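Please read the structure below before turning to the comments.
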Amino acid sequence: MNIIKIDGASLTLENVVNVARHNYRVELADHALENIKKSRDYVDKLVMDERVVYGITTGFGKFSDVNISKDESKDLQRNLIISHACGIGRHFDADIVRAIMLLRANALSRGFSGIAPNTLLTLIEMLNKNVIPAIPEKGSLGASGDLAPLSHMVLTLIGEGEAYYENELMDSAKAMEKAGIKPVTLISKEGLALINGTQVMTAVGALTTWDAINLLKLSDISASLTIEALNGITDAFHPALHAVRPHQGQINTAKGLLTLLEGSERTTSQGEIKVQDAYSLRCIPQVHGASKDAVNYVKEKIEIEINSVTDNPIIVTDLDMAISCGNFHGQPMALSFDFLGIALAEIANISERRIERLVNPALSGLPAFLTEKGGLHSGFMIAQYSAAALVSENKVLAHPASVDSIPSSANQEDHVSMGTIAARKAKEIYFNASRVIAIELIAAAQAIDMNKAYSGKKLGKGTTAAYEAIRAALPCIEDDTIMYKIFKEATDIIDNCSLVNTVEEAVGGM
């Protein structure tokens, strides 16, 4: 059995994906339990002493100046959850909810939040038994944590609200009963400890970033196939040219393109057919490389955030402190996920321009819209329309969410990050971009088949593997067919990573 032990300090992006999508089991590291107990004991002492500490012996937000007695502390936590469960819209997919639960459990395992060990262990048990709280996508401002969506997670923990169990939506109490899990009764500080964090935005953004890393590899593959189809000039990828502008993503992309195209008899040299290619071919290293650097930056920020304490107040027992601070503010993630969305939008933008070059006979020298029977048949005419529609939508979605802020809680919370909106937008941009890349893959394979002047000429080492994988799933389109079904086949080999895996095996990694 695959097991990931959490301690709040050592989680990786790959761990998150394995738990969220491959159902790895989660266990609490032994050394984490001591810190959790120590923090809980400290909170109990604060309550007994009736010290004034935000969210423990006071109300929340604007009500932080309202004192709460120790007799009312349990009611305070339950009231917090049921009043804050204000999510709106469709429910997050199960993999995102599993990631949310993992990230919140990991943050609590650091021992700075005052959670009771049993409460944390129950959350982990829910994750391991695949009880999936029904969490609506909308309703978080991304500061004071992801309060609304995380409250829906906690509703299930206390036996309220709704959850999915064995792919069926039901009352949480029923789901917990079926899974053999006893709901918890929250005690002082626990409600706040469970919902004051950035785990929703981070979960959405983390899984999108993982998918983006795969898509960037696919974008190099689809671009290489287009280069083959259009007899592109490989001189522009010479390492000497990129060494004098040493952005790492640019260098890696140029090197990767040459690896994919190695041995090709279809690519050309400068002056052989033409002096230079259009930017969408010649500038692939610069554009794809910049997006790779952006995604690497986002990944670095994610791996900091998934091992961070984003609670409020934070309990530092060694210093006898329970301090209200701003670690819940999602700005580091908001900016990162806006950047991620922009990086993915640009990958789609340049891919769509390459699709246009493939289908436009004035630019390609190939039959119009990649059909031999133009007029009677439309070929890839509307495929390019669809790609254009997706990139146009991405341009709207790429507007940064993080530049917006709406004051809340009677202006006590007067600057918010909108980070969860940024993450959700990046996820939608990823979806659109992946479909544009799918269209380029099938259009490029079609164009290779239609480039009769180079019929029988070898493709490169990597492009051969890619072309053969595409043709194993999809034949060349001779007569008009129902195109959305072709798109579906192409996106399947993108989503299951089989195309990337095949090409990486052929070239020894990307």
Any hit, the stretch 402-412, residues being assigned to a helix (DSSP H, G or I), closer than 30 Å to Ala343 by Cβ and hydroxyl-bearing (Ser, Thr, Tyr) = no
Yes/no for Gly263 being at positive phi and either buried (at least 18 other Cβ atoms within 10 Å of the Cβ) or touching a helix residue (DSSP H, G or I) at 6+ places or on another chain (Cβ under 9 Å) (or both) = yes
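Rundown of residues vs (1) under 15 Å from Gly205 (Cβ atoms); (2) in contact with a Phe, Trp or Tyr (Cβ under 6 Å, 6 or more places away or on another chain); (3) in the same structural domain as Arg424 (by TED's automatic domain parsing); (4) surrounded by 24 or more Cβ atoms within 10 Å (Cβ to Cβ), yes/no style:
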| site | (1), (2), (3), (4) |
| --- | --- |
| Leu281 | no, no, yes, no |
| Ala290 | no, no, yes, no |
| Lys301 | yes, no, yes, no |
| Leu319 | no, no, yes, no |
| Ala348 | no, no, yes, yes |
| Ser351 | no, no, yes, yes |
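Which residue, of Ile315, Ile302, is modelled with pLDDT under 95 and either assigned to a helix (DSSP H, G or I) or over 26 Å from Glu352 (Cα atoms) (or both)? Spell out the reasoning first.
Details: Ile302 fails: modelled with pLDDT under 95.
It is Ile315.
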Condition set touching a His at 6+ places or on another chain (Cβ under 9 Å) and part of a helix (DSSP H, G or I), scope the stretch 349-381, selection nearest to Ile233 (Cα to Cα): answer is Ile350
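Just a yes or no: is a residue in the stretch 217-234 in the same structural domain as Lys457 (by TED's automatic domain parsing), assigned to a loop (DSSP other than H, G, I, E, B) and either free of Cβ contacts under 8 Å to residues at least 24 places away in the same chain or under 24 Å from Ile494 (Cβ atoms) (or both)? Before you say what the answer is, go through the steps one by one.
If we filter the stretch 217-234 for residues that are in the same structural domain as Lys457 (by TED's automatic domain parsing), which is where we start, we get 217-234.
Imposing the further condition that a residue be assigned to a loop (DSSP other than H, G, I, E, B) reduces the set to 230-232, 234.
Imposing the further condition that a residue be either free of Cβ contacts under 8 Å to residues at least 24 places away in the same chain or under 24 Å from Ile494 (Cβ atoms) (or both) reduces the set to 230, 232.
The answer is yes, given that some residue of the stretch 217-234 is in the same structural domain as Lys457 (by TED's automatic domain parsing), assigned to a loop (DSSP other than H, G, I, E, B) and either free of Cβ contacts under 8 Å to residues at least 24 places away in the same chain or under 24 Å from Ile494 (Cβ atoms) (or both).
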Across the stretch 60-85, the tally of residues that are within 13 Å of Gly191 (Cα to Cα) and at pLDDT 70 or above stands at 13
Considering the stretch 132-145, residues that are crowded, with 24+ Cβ neighbours inside 10 Å and at pLDDT 95 or above, and then whichever is farthest from Gly180 (Cα to Cα), we arrive at Ile135
Verdict on Met153 being out of contact with any Leu (no Cβ under 7 Å at 6 or more places or on another chain) and surrounded by 23 or more Cβ atoms within 10 Å (Cβ to Cβ) = yes
Within the stretch 209-225, the count of residues that are under 26 Å from Ala148 (Cα atoms) and out of contact with any Asp or Glu (no Cβ under 9 Å at 6 or more places or on another chain) comes to 1
The correct count of residues that are assigned to a helix (DSSP H, G or I) and touching a strand residue (DSSP E or B) at 6+ places or on another chain (Cβ under 7 Å) in the stretch 156-184 is 5
Just one of Met176, Met170 is buried (at least 20 other Cβ atoms within 10 Å of the Cβ), within 29 Å of the chain's Cα centre (by Cα) and at pLDDT 95 or above; which is it?
-> Met176
When you go through Glu489, Glu504 one by one, which is the residue that is out of contact with any Lys or Arg (no Cβ under 7 Å at 6 or more places or on another chain), at pLDDT 95 or above, part of a helix (DSSP H, G or I) and surrounded by fewer than 18 Cβ atoms within 10 Å (Cβ to Cβ)?
-> Glu504
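Residues checked against (1) within 26 Å of Gln199 (Cβ to Cβ); (2) β-branched (Val, Ile, Thr); (3) touching a Phe, Trp or Tyr at 6+ places or on another chain (Cβ under 8 Å):
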| site | (1), (2), (3) |
| --- | --- |
| Gly379 | no, no, yes |
| Glu393 | no, no, no |
| Ser405 | yes, no, no |
| Ser408 | yes, no, no |
| Gly462 | no, no, no |
| Ile470 | no, yes, no |
Do any residues in the stretch 80-95 that are not assigned by TED's automatic domain parsing to the domain that holds Arg25 and buried (at least 23 other Cβ atoms within 10 Å of the Cβ) have Cβ atoms under 7 Å from those of residues that are assigned to a loop (DSSP other than H, G, I, E, B) and modelled with pLDDT of 95 or more, where the two are at least six apart or on different chains, and which pairs are they?
-> none
Tell me which residues, restricted to the stretch 472-486, are in a helix (DSSP H, G or I) and surrounded by 13 or more Cβ atoms within 10 Å (Cβ to Cβ).
-> Ala473, Met483, Ile486
Residue in the stretch 250-261 that is assigned to a loop (DSSP other than H, G, I, E, B), within 14 Å of Ile227 (Cα to Cα), touching a residue at least 60 places away in the same chain (Cβ under 8 Å) and not assigned by TED's automatic domain parsing to the domain that holds Ser10 present = yes
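Would you say Ala453 is in the same structural domain as Arg354 (by TED's automatic domain parsing) and outside any loop (DSSP other than H, G, I, E, B)? Please lay out each step first, then the result.
Details: in the same structural domain as Arg354 (by TED's automatic domain parsing): yes; outside any loop (DSSP other than H, G, I, E, B): yes.
Spelling it out, Ala453 is indeed in the same structural domain as Arg354 (by TED's automatic domain parsing) and outside any loop (DSSP other than H, G, I, E, B).
Condition check: modelled with pLDDT under 95, more than 23 Å from Ser434 (Cβ to Cβ), buried (at least 18 other Cβ atoms within 10 Å of the Cβ) and hydroxyl-bearing (Ser, Thr, Tyr). Does Ser364 satisfy that?
Working: modelled with pLDDT under 95: no; more than 23 Å from Ser434 (Cβ to Cβ): yes; buried (at least 18 other Cβ atoms within 10 Å of the Cβ): yes; hydroxyl-bearing (Ser, Thr, Tyr): yes.
Here the answer is no, as Ser364 does not meet what is asked.
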When the stretch 231-279 is checked residue by residue, the ones that are among the hydroxyl-bearing types (Ser, Thr, Tyr) and either under 23 Å from Gly509 (Cβ atoms) or touching a Phe, Trp or Tyr at 6+ places or on another chain (Cβ under 8 Å) (or both) are Thr234, Thr253, Thr259, Ser264, Thr267
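Okay, residues lined up against (1) out of contact with any Ser or Thr (no Cβ under 6 Å at 6 or more places or on another chain); (2) within 20 Å of Ser364 (Cβ to Cβ); (3) surrounded by fewer than 20 Cβ atoms within 10 Å (Cβ to Cβ):
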| residue | (1), (2), (3) |
| --- | --- |
| Leu390 | yes, no, no |
| Ala401 | yes, no, no |
| Asp404 | yes, no, yes |
| Pro407 | yes, no, yes |
| Lys457 | yes, yes, yes |
| Ile470 | yes, yes, no |
Every residue from the stretch 379-409 that is more than 23 Å from the chain's Cα centre (by Cα), polar (S, T, N, Q) and at pLDDT 95 or above | Gln384, Ser386
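The values are calculated or read from the model by the stated rules, or taken from the named source; none is laboratory data. It should be emphasised that the depicted structure is a prediction, and the values quoted were computed from it without experimental measurement. Virtual Cβ from ideal backbone geometry, glycine too; neighbours counted across all protein chains shown.
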